[in-house]
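The values are calculated or read from the model by the stated rules, or taken from the named source; none is laboratory data. The model shown is predicted, which means the values in this text are computed figures rather than measured ones. Ideal geometry is used to build each Cβ from the backbone, glycine not excepted, and the neighbour counts take in all protein chains shown. What goes into the accessible areas is simple: the full protein's heavy atoms, side chains included, and nothing from ligands, DNA or RNA. Shrake-Rupley method; radii C 1.70, N 1.55, O 1.52, S 1.80 Å.
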Amino acid sequence: MLQCLMLDGRAPMRRIAEAAGVSEQTAARRYRAMREAGALRVFVNESALGTGRALWLLRMQCRPDTSSRLGAALAARPDVAWVAAHSGGSELMCTTTLPADAACGTGVLPRLSNSASLLSFSAYSVLHSYSGGPAEWSGFDQPLSSGPTSLPTGGQAPATVSDEDRPLLEALRTDGRASISQLARELNWPTSRVATHLQALLDSGAVNVDVDVLLERFGFRASATLLLQVAPRHIRKVGEALAGRPWTSWVAAITGPANIAAAVTCRDTDQLFRFVTDDVGRLPGIIHVEILPVLTRLKQADTRVIDGRLEWPAR
């Protein structure tokens, strides 16, 4: 069921039940249990390509006594994602977005410069993302060979979300699996209008159906960020190879001393060790690898992690 949802968060429960080999009522009950336990959240978000926003990776060295407060403040910002504590809690990493034409002083970066909690920080521009999103991670013992996927069609650039569709997007950001009838009641729209506009948004690529998952709740407890220094002529080959590995959920080419970043989640540290030595170590052109184990996750793509559970936004 989790794999089906990661492949398509709005897949009909009937199809998820068929893939999982259970009844539709059982599938619905299990989904509610995972949701209420704070283990996963399905939401719809505006496509990053459609917004024209640049992505940055931030690495911050903090005073240990203030890192939790700074991490919480970062996690509360809508323009910051994937906030995690590393290095015993003295280091934070996250991603942030900025408009491509943003002026100096925009966003979270100038606020970091004035924070007394920081000892130092580095900002790396993401030049190219090879993969991203929960559906990219497939490190299950028995991964699905196929699932109820629903991907945008066509090769055109993603459309943008119109002002008319903003209320629909906001409702779906709260609950990405809300039914057409639920959305119609909430927005006071006819069901036909909801169905038509939602399908148009999905087909155009203006929005994505995303799933935030706490993989440690499902037995995958060793997460880390890998920072790789790779010979320039091998960057593309290494990035594509890592993006195809089941343990990676995000791989990107970045600026800075390390030119590839990869988010990795394994079952345990032994599996992480074998992945780095036996798999990553065999790739061509790798000069240096830095492994930054995740101590605590403070925010997923769009959802804060509080007391070990995903906190759904209030309606």
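Considering only residues in the stretch 294-315 that are open to solvent by less than 30 Å² (accessible area, probe 1.4 Å) and assigned to a strand (DSSP E or B), the one that is farthest from A75 (Cα to Cα) turns out to be L310. Pairs linking a residue in the stretch 62-85 that is closer than 14 Å to V305 by Cβ and in contact (Cβ under 8 Å) with a residue 40 or more places away in the chain to a residue that is in a helix (DSSP H, G or I) and open to solvent by less than 60 Å² (accessible area, probe 1.4 Å), with Cβ atoms under 8 Å and 6 or more positions apart or on different chains, are V80/L74; V83/G71; V83/L74; V83/A75; A85/S67; A85/G71.
Sort out for me the helices (runs of 4 or more DSSP H) sitting completely within the stretch 183-293 that have 1 or more residues that are open to solvent by less than 10 Å² (accessible area, probe 1.4 Å) and over 29 Å from V42 (Cα atoms). Walk me through how you get there before you give the answer.
Numbers: elements: 191-204, 235-243, 269-274.
Hits in the stretch 183-293: 235-243.
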